[in-house]
Structures are given as structure tokens and as C-alpha cells.
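Peer 1: One structure coming up, written as C-alpha cells, with questions to follow.
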Amino acid sequence: MTVYRNYINGRWTEPRSGRYVDNVNPATGEVLGRAAVGTEEDVAEAVAAAKAAFARWRKVPAPRRAEILYRVGELLRERKEELARKMTQEMGKVLPEARGDVQEGIDMAYYMAGEGRRLLGYTTPAEMPDKFAMAVREPIGVVAAITPWNFPMAIPTWKIMPALVAGNTVVFKPATDTPWMAYELVRIFEEAGLPPGVLNLVYGPGETVGEALLRHPDVHLISFTGSVESGRHVNQVAGAQLKRVHLELGGKNAVIVMDDADLDLVEQAVTWSAFGTTGQRCTATSRLLVHEAVYDQVVERLAARAAKLRLGNGLDPQTDVGPLINGRALEKVAYYVDVGQEEGARLVVGGRPATEGELARGFFFQPTIFADVTPDMRIANEEIFGPVLAIIKVRSLEEAIAINNGVQYGLSSAIFTRDVRNAFVAMRDLATGICYVNHGTIGAEIHLPFGGMRATGNGHREAGLAALEVYTEWKAIYVDFSGRLQRAQIDEVKIEDIG
Ligand code: NAD
């Protein structure tokens, strides 16, 4: 059984609490390892190490920093299968999806390694003669990377890699449910030759270890992915100290199905994006807005398909849908099924925990579909984060777009149509940070900006070039080589004086 300790200043260290918690396989109940319970003192030590390391790391040429990231990408690629199998055991997603999660980390490593030879700033003419002006990117300092459990490899790499290539140092606090993946990732950075203190890992609960990071005066940037409730708190605490706060929060993502859509494609794509990762993706499809002309057909097809999905251990190639992450998640999903029924939605399939045979050992819930949902119902507005799809009947594209845009979240949306006008109206008017045409709401690629509008975040974007805006700040530099005092905006520049 593996013991995951904190990693501070290049050493695997015991937590000050002396305590460890079990890491449990959500499909089987098996204990996989034991993770440190960090404390405020551990955080202080990790931040001090990151602060000290920053003084040197910021001066390491970015192409050299990038070589280490490239090496991390190579190690992830070599160990992809092994890591994916561990991930499936740790958090339940089926093996092909776990491979995809590791692949996102590999993609991000190579992409950000390339940024080491760009990190572009710009030069621009100065308004005074014999003067040079440029804008360069600077690292911010110590970054706290606080991550959820649903993409335990991808999301940490999305934060740590752009932060490091830009010259920041990091204290990483992973979710309590996924310590193993964090351990494996940090070990790979260590093996790739990252100097001590540049990346530190502290395990522990959000309320203590996370909170200590939010409040520590030497942490300059909080990069947080999690729920809206936690994100709001993070923003209040860290924002009050004028830290930079980058938030990636929840979603209530909708797919629009128009009357001219390819329904075979809709059936496949919606099943995948509603029930993949057991519905536990921030971009999962949780609302389906179906044109009345094809409504009955779509409900019937999806219900038949959902009923056939096989639940089980994600390592079994026969399994379509794995378990939920833990008992609390199971209770939350069951609660929302009750809410939907009380609100008058029609339960067409699923609706109960799945406990037959081996499933009784894990946290399984039947893929669930509600039809005849109305936009005002709670199940059409609140993030359930489980295998529950709410189907709403619409009469027009305009009505569908208004319903899509009417929730507090604005992460991902999609439209299925063969009509180019419908597609372009949707691309223009869907108020989400990500929008798909003839594809479900999941499947983002790492070189495009990732994030959402309204309560899904606070305007920043993860991944792509946008990530560099989070992890750097601009410095404007003026070099006056005129040898005299030149006052911008005050001294008049006469063309005839130019020699
Ligand atoms: P969560 O908010 O419960 O926890 C996320 C992380 O925050 C964990 O590491 C947790 O320990 C930490 N945390 C909790 N309270 C804290 C506090 N007071 N101070 C500092 N840290 C604290 O979320 P979760 O259940 O782990 O993840 C699911 C949520 O994440 C869903 O809402 C999902 O939509 C969202 N999510 C969003 C994205 C995105 O990119 N937008 C991606 C994945 C998941």
C-alpha cells in the first residue's frame, strides 16, 4: 500500500499532524493507499520553500524551464497506461477516459514546453525620439494550485505547467479523494529534474490546508478549480488580500437538438457527454433542449440507450459507466432525483442507486433521465454532478438559446442541426465560454481557452494562450537613449528637430 507524504523543498515529508487518511477505490471499497493530512505549518513550510526557490527559478531562461516540462511530457507518455489504470482505481472513471485524462497532461506538457521559446511580449514605438518601448511578461511569484478530483491528472497539469514555464513556483493542494495521481505527477516532475522548492505538494482538507493557502501573505496567485460555493469563498478571502484569483467553477451545460438534427448522432453524442465520467464533468451535458417536432423520438431513443449502459468497475472493458466518487456524491444525486419527482418532472429511466451483485461494494447510480422538465425547476438549474439528464421541450431556437442562457452557469453548450443559419445564430448567441456544433458539450482541446461565463468563473481562462494571462503579469519597459530629459505628453516633438 502506498503512503503519500507531502513534498516540500524537494523532500517527501511527514505531515506535522502525523495523521493519514485512506484512499478508497469508489468501485470496490478497497483501500489503495494512505494520504497525509497536512496542516497550516506544512503550508507555511511549503510556501517558504516556494518563495525561496522563486528567486532563482524566475531567472532560469524560459527555454531551459521548458525542457523540464518536455521531459515531464515524455515520462507521462511512457507511463500513460500505468497511470490510467491507477486513476481508474482511484476515482472510478472508465479506462479509456482515464487514458484521455493523462493524455491532456501530455498535451499540456508539450504545448507549454513550446511556450518556453515564445512567451511573447511586444515592442512598440515610443512617442518620444531616441526612446525604445517594450512590454514583457513577468512571473507573479508563488502560485497555489487547488484542484478537484474529477480530472486528477489533467487539471493539475493545466495549472502547474503554465505556472512553471512562466517562472512561477507552486504549492499544489489536490482534492482529498485523489492523492495518488498527485503523488505520481509530482514524482514525475522530481524525476524530470525540477529543482527543490519549485513545486511543492501539501495534502489535506480544503477547510484547513486550502484555507491556509488562501490566507498566506506570500502566496500571490490562487488558481482554483471546484464548485461555485467553494469558489465564491476563495474569491472573498483571497480577493480581499488583493491576490490574483483564477476560478474555474461549475456548469449546467445544455445541448440543443433542432428538428433537422441527425438523431443517430444526437443519441451517441448525448449519451457520451451526459453519462461519460458518470456525469461528473464540469462540462457534462445535464440539460437537453429538444425541438418539439423530434421531442418524443429523442426521449425514447435516449431512454432506451441509457437503460442499456453497463455499470461496473472502470477497469473492465465491458463497463460503460463507473461509480460516483464517494458516498456524499451518491446521496446528492439521490436527493436531486427526489427533488425532480417532487417538482413534477417525468422519470423515464434510472433514478436509483445500483446495488446488484458487485455493484453493492461501490458508489453506483443508474443513468437517469427526466423528461418534461421545465426551465424553472431546480433540476434544470442546479449542478447535480452525476448521471442525471433533464430534457426540456422547446418550440424554437430562440427559446432554446434563452433557456440555455437563463442559468447562473455559462461553461459549455452545443447545438445539433444541419442548418448553417441555426448553427451561426447559436455560435453567436449561446452565452457560454465553450460552444460546439454537432458535438456534445465535452471534449475541449488544450490549446484553446477553457472556462466559462457568469458564475462558472471570474473571467479568466485556463489552457491555450489564455493561461499565460493568468500566470504572468505585464511589465512595460522604456529605454531613453536621447541623453536628455524628455517628458512624455509635455514636451512637444517637432519633426524639424529630428536629426
Ligand atoms: P470542491 O469545491 O468541493 O473542491 C475543489 C478543491 O477545493 C478541493 O481541493 C478542495 O479541498 C478545495 N477546497 C474546498 N474548500 C476550500 C476552502 N475553503 N479553501 C481552499 N480550498 C478549498 O469541488 P469538487 O467536489 O472537488 O469538484 C467538483 C466541482 O468542480 C464541480 O462543481 C465541477 O463543476 C467543478 N469543476 C470545474 C471545472 C472547470 O474547469 N470549470 C473542472 C472540473 C471540475
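Peer 1: If I go through segment 58-93 residue by residue, how many of them are open to solvent by 10 Å² or more (accessible area, probe 1.4 Å) and touching a strand residue (DSSP E or B) at 6+ places or on another chain (Cβ under 7 Å)?
Peer 2: Number satisfying all stated conditions: 2.
Peer 1: Only residues that are β-branched (Val, Ile, Thr), touching a helix residue (DSSP H, G or I) at 6+ places or on another chain (Cβ under 6 Å) and within 16 Å of the ligand (Cβ to nearest atom): list them for segment 187-208, please.
Peer 2: Passing the criteria: only Val202.
Peer 1: Looking only at segment 228-278, which residues are under 30 Å from Phe364 (Cβ atoms), within 12 Å of the ligand (Cβ to nearest atom) and part of a helix (DSSP H, G or I)?
Peer 2: Once the filter is applied, which keeps residues that are under 30 Å from Phe364 (Cβ atoms), within 12 Å of the ligand (Cβ to nearest atom) and part of a helix (DSSP H, G or I), segment 228-278 yields Val228, Glu229, Ser230, Gly231, Thr277.
Peer 1: Only one of these is hydroxyl-bearing (Ser, Thr, Tyr) and exposed (fewer than 14 other Cβ atoms within 10 Å of the Cβ): Thr355, Thr368, Thr278. Name it.
Peer 2: Working: Thr368 fails: exposed (fewer than 14 other Cβ atoms within 10 Å of the Cβ); Thr278 fails: exposed (fewer than 14 other Cβ atoms within 10 Å of the Cβ).
Of Thr355, Thr368, Thr278, the one residue that is hydroxyl-bearing (Ser, Thr, Tyr) and exposed (fewer than 14 other Cβ atoms within 10 Å of the Cβ) is Thr355.
Peer 1: I'm trying to understand the selection: among the residues of segment 374-393, which are open to solvent by less than 20 Å² (accessible area, probe 1.4 Å), over 26 Å from Gly92 (Cα atoms) and either in a loop (DSSP other than H, G, I, E, B) or within 14 Å of the ligand (Cβ to nearest atom) (or both)?
Peer 2: Met377
Peer 1: So which of Leu465, Leu485 ends up being away from the ligand (no atom under 16 Å from the Cβ) and closer than 22 Å to Tyr436 by Cα? Full working, then the answer.
Peer 2: On the way: Leu485 fails: closer than 22 Å to Tyr436 by Cα.
Answer to the selection: Leu465.
Peer 1: Please pick out the residue among Gly226, Gly210 that is within 16 Å of Phe172 (Cα to Cα) and open to solvent by 10 Å² or more (accessible area, probe 1.4 Å).
Peer 2: Every option except Gly226 fails the conditions.
Peer 1: Among the residues of segment 398-407, is there at least one that is within 16 Å of the ligand (Cβ to nearest atom) and part of a loop (DSSP other than H, G, I, E, B)?
Peer 2: Yes; the residues of segment 398-407 include at least one that is within 16 Å of the ligand (Cβ to nearest atom) and part of a loop (DSSP other than H, G, I, E, B).
Peer 1: Does Arg137 fit the bill of being in contact (Cβ under 8 Å) with a residue 60 or more places away in the chain and either closer than 29 Å to Arg215 by Cα or touching a helix residue (DSSP H, G or I) at 6+ places or on another chain (Cβ under 8 Å) (or both)?
Peer 2: yes
Peer 1: In addition: Among the residues of segment 440-453, count how many are within 12 Å of the ligand (Cβ to nearest atom) and open to solvent by 60 Å² or more (accessible area, probe 1.4 Å).
Peer 2: 2
Peer 1: Looking at segment 163-171, is at least one residue open to solvent by 10 Å² or more (accessible area, probe 1.4 Å), in contact with an Asp or Glu (Cβ under 7 Å, 6 or more places away or on another chain) and modelled with pLDDT of 95 or more?
Peer 2: no
Peer 1: Among the numbered criteria (1) assigned to a strand (DSSP E or B); (2) farther than 22 Å from Lys80 by Cα; (3) within 15 Å of the ligand (Cβ to nearest atom), which single criterion is violated by Thr176?
Peer 2: (1)
Peer 1: Starting from segment 223-247, keep only residues that are touching a residue at least 24 places away in the same chain (Cβ under 8 Å), then list their pairs with residues that are more than 11 Å from the ligand (Cβ to nearest atom) and assigned to a helix (DSSP H, G or I) whose Cβ atoms are within a distance under 7 Å, requiring at least 6 positions of separation or different chains.
Peer 2: Close Cβ pairs (under 7 Å, with a partner that is more than 11 Å from the ligand (Cβ to nearest atom) and assigned to a helix (DSSP H, G or I)) amount to Ser223/Val470; Val245/Gly239; His246/Val470.
Peer 1: Okay, next question. Check Val3, Val72 and return the single one that is free of Cβ contacts under 8 Å to residues at least 60 places away in the same chain and not hydroxyl-bearing (Ser, Thr, Tyr).
Peer 2: The match here is Val3.
Peer 1: Condition first: buried (at least 24 other Cβ atoms within 10 Å of the Cβ) and more than 17 Å from the chain's Cα centre (by Cα). Now tell me which residues in segment 141-162 satisfy that.
Peer 2: The one that is buried (at least 24 other Cβ atoms within 10 Å of the Cβ) and more than 17 Å from the chain's Cα centre (by Cα): Val142.
Peer 1: For segment 209-227, how many residues meet the condition of being of a type in the set (D, E, K, R), more than 6 Å from the ligand (Cβ to nearest atom) and assigned to a helix (DSSP H, G or I)?
Peer 2: The total comes to 1.
The values are calculated or read from the model by the stated rules, or taken from the named source; none is laboratory data. Because the structure is predicted, anything quoted here is derived from the model rather than measured. Counting neighbours? That spans all protein chains shown, and the Cβs are built from the backbone with ideal geometry, glycine included. Accessible surface areas use protein heavy atoms only, side chains included; no ligands, DNA or RNA. Shrake-Rupley method; radii C 1.70, N 1.55, O 1.52, S 1.80 Å.
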